[in-house]
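Report on the following structure.
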Amino acid sequence: GAVVSQHPSRVICKSGTSVKIECRSLDFQATTMFWYRQFPKKSLMLMATSNEGSKATYEQGVEKDKFLINHASLTLSTLTVTSAHPEDSSFYICSPITSSYNEQFFGPGTRLTVL
Amino acid sequence: DAKTTQPNSMESNEEEPVHLPCNHSTISGTDYIHWYRQLPSQGPEYVIHGLTSNVNNRMASLAIAEDRKSSTLILHRATLRDAAVYYCILRDENAGNMLTFGGGTRLMVKP
């Protein structure tokens with residue numbers, strides 16, 4: 001299957017700081033990127049969808065000014081959690097797809113802990 | 001996306017077959033049935049998908065009921081590495097590409 005990387009895999013930060021998570025599709029061009037988050041023992045919840053070169057579309061209840069998404073190239077997308085608070089502690093997972101696909105690939109996830 | 005219903009958890013013995021059920025009574029004609037699994041502290045990975053006919057691949061088999069209102073993921077010989085949360089998801093090919101995850105079934109494999 002396709003190779004998707006996320007960096008960092010784990011981050012601990014102080015409340016009020018910003019954290020940037022990178023997602024790379026290593027062997028295919030991602031025209032669309034989905035960002036999910038997952039709280040402990042819960043399922044994945046879609047946060048936003050971005051297409052390369054355009055603004056992201058956010059799901060209801062997700063603040064676009066808090067979770068900044070940049071999808072400037074077909075192989076890289078970033079999610080920045082601005083002014084992080086303890087309630088933002090979660091497992092963040094990216095999912096890049098091509099314009100035609102049968103299976104959706106997922107990154108390995110980034111575990112964010114905000115103290 | 002149409003809703004799916006799965007048991008919260010199941011147990012299996014190592015090297016025995018496992019049948020993971022999924023109900024999707026409101027499935028529409030354009031919905032594909034996808035199965036993904038998520039190992040602890042990892043992103044989900046694709047397992048198998050189908051539309052009407054049963055499907056086999058190296059990981060599992062997918063048995064789809066004739067009326068398509070239910071399906072079963074079959075792991076032929078469970079290993080300890082198969083312990084994961086298994087998600088049954090319906091994806092409408094005409095309504096966008098993203099997958100919407102339900103609660104899934106947590107499979108525990110006993111040695």
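None of the figures in this text is laboratory data; all of them are computed from the coordinates on show. What you see is a predicted model, and the numbers here were worked out from it, not measured in a lab. Cβ: placed from backbone, ideal geometry, glycine included. Neighbour counts: every protein chain shown.
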Practice task
Can you check what the net charge comes to around B:Lys110, using other residues whose Cβ is under 9 Å from the Cβ of B:Lys110 (Lys, Arg +1; Asp, Glu -1)?
Solution key: -2
Exercise for the section: For A:Ser89, list long-range residues whose amide hydrogen, built 1.01 Å from N in the peptide plane, is under 5 Å from its own amide hydrogen. Expected result: A:Val114
Exercise for the section: Mind pulling up the Rg/Rh value for segment B:1-88? Radius of gyration and Kirkwood radius, both on Cα. Expected result: 0.95
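What dipole magnitude, in Debye to the nearest 20, does chain B give about its Cα centre under +1 on Lys/Arg Cβ and -1 on Asp/Glu Cβ?
Dipole of chain B, to the nearest 20 debye: 140 debye.
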Exercise for the section: Would you list, by chain and number, the aspartates and glutamates whose Cα falls below 15 Å from the Cα of B:Lys3, excluding same-chain residues fewer than 8 positions away? Expected result: B:Asp31, B:Asp92
Exercise for the section: Mind jotting down the three principal axis lengths of chain A based on Cα atoms? Whole angstrom, largest first. Expected result: 40, 26, 21
Problem - Label-point gap, in nm, between A:Leu76 and B:Thr5 - each point 7 angstrom along Cα→Cβ - result: 4.8
Problem - Highest-MSF residue in chain A out of A:Glu22, A:Glu63, A:Glu52 [GNM, Cα springs under 10 Å] - result: A:Glu63
Completion exercise
Which of B:Val18, B:Val85, B:Val55 fluctuates most in a GNM of chain B (C-alpha springs under 10 Å)? That residue is B:Val55
Practice task
Compute the length gained on full extension between B:Leu39 and B:Met108: take 0.36 nm times their separation in residues and subtract their Cα-Cα distance, giving the result in nm to one decimal.
Solution key: 23.7 nm
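I need the calculated FRET efficiency for the pair A:Ser83 and A:Ser43, taking r as the beta carbon distance and R₀ as 30 Å, to the nearest 0.05.
Values: r = 26 Å, r/R0 = 0.88.
For A:Ser83 and A:Ser43, the calculated efficiency is 0.70.
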Problem - For A:33-44, mean number of other protein chain Cβ atoms within 10 Å - result: 3
Handout entry: HN-Hα J in Hz across segment B:7-20 - Karplus 6.51, -1.76, 1.60, θ = phi - 60°, x for Gly and Pro
Key = x, 5, 8, 8, 10, 9, 8, 4, 6, 9, x, 10, 10, 9
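Per residue of B:33-42, count partner chain C-beta atoms within 10 Å of its C-beta, then hand back the mean as an integer.
Across the residues of B:33-42, the mean count of other-chain Cβ atoms within 10 Å is 3.
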Handout entry: ³J(HN,Hα), Karplus 6.51/-1.76/1.60, whole Hz, each residue of segment B:33-46, x for Gly, Pro
Key = 9, 10, 10, 10, 9, 10, 6, x, 6, 10, x, x, 10, 5
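Rounding to the nearest 20 debye, state how big the charge dipole of the protein assembly as shown is about its Cα centre with +1 on each Lys and Arg Cβ and -1 on each Asp and Glu Cβ. Before the final figure, lay out each step's value.
Details: 21 positive and 21 negative charges, 119 e Å.
About 580 debye.
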